[in-house]
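Only one structure is covered here, and it is reproduced in the block below.
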Amino acid sequence: MLRYKDYRQLIAQVNAGKNINLWGKPNIGKTLTVKNCLFKDINLESVYLNLEYPFSVAHLFKVIPISFSFYYQQDWQNIISKLSDGYNRLLVIDSFDRLHFVSNTFIDDLFQLQQLAQLENFSLILISRMRLEYFHFPGFANYFEELELNETNTWTLGQ
């Protein structure tokens, strides 16, 4: 779980419409931070997705419209316009590093995620084991602030 100072900073960044990449060693408070703390304190309509293998981004984007109460659309531009209407929204994608290694159409997937990252009232939190630059798409990484999760800014529960 994030320590209070770093947690408040993360909340402030998300509420200000910033996209965040939370990255660090496996199991250092990442999922606990998002599930148990983050959603209680943000002013956004939000959805949490955990990318378990096997998955595809086609399935990922089918989940978003259902979560936001409109029907699934095959037209990606329509999905983008729907997500950019009305309230601020937050999408949290856990295990983002799996996307890079599993997806057969990563370029297309990344283009769709980049469209989301550019939306004015839509924020993305990507949770991964590595910094986004390590995935070899620096242009996409430029849309994100980084917060490294490590022993100095997190508590590990249950020990």
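The values are calculated or read from the model by the stated rules, or taken from the named source; none is laboratory data. Worth saying up front: this structure is predicted, and the values here are computed from it rather than measured. So basically every Cβ, Gly included, is an ideal-geometry build from the backbone, and we count neighbours across all protein chains shown.
Residues that are touching a residue at least 12 places away in the same chain (Cβ under 8 Å) and either farther than 21 Å from residue 132 by Cα or not in a helix (DSSP H, G or I) (or both) within the range 6-18 comprise 15, 17, 18, listed in sequence order. Screening residue 47 on (1) crowded, with 19+ Cβ neighbours inside 10 Å; (2) part of a strand (DSSP E or B); (3) of a type in the set (Val, Ile, Thr) shows it passes everything except condition (1).
Scanning the range 62-76 finds no residues that are under 24 Å from residue 138 (Cα atoms) and at pLDDT 70 or above.
Residues that are at pLDDT below 90, under 21 Å from residue 155 (Cα atoms) and among the aromatic types (Phe, Trp, Tyr) are absent from the range 3-18. Pairs meeting the criteria (first residue in the range 19-35 and part of a loop (DSSP other than H, G, I, E, B), second residue among the hydrophobic types (A, V, I, L, M, F, W, C), beta carbons under 8 Å, at least 6 apart or on different chains) are 25/149; 28/149; 29/1; 29/2; 29/149; 29/155; 29/157. Taking (1) surrounded by 19 or more Cβ atoms within 10 Å (Cβ to Cβ); (2) among the aliphatic types (A, V, I, L, M); (3) free of Cβ contacts under 8 Å to residues at least 60 places away in the same chain in turn, residue 127 satisfies each apart from (3).
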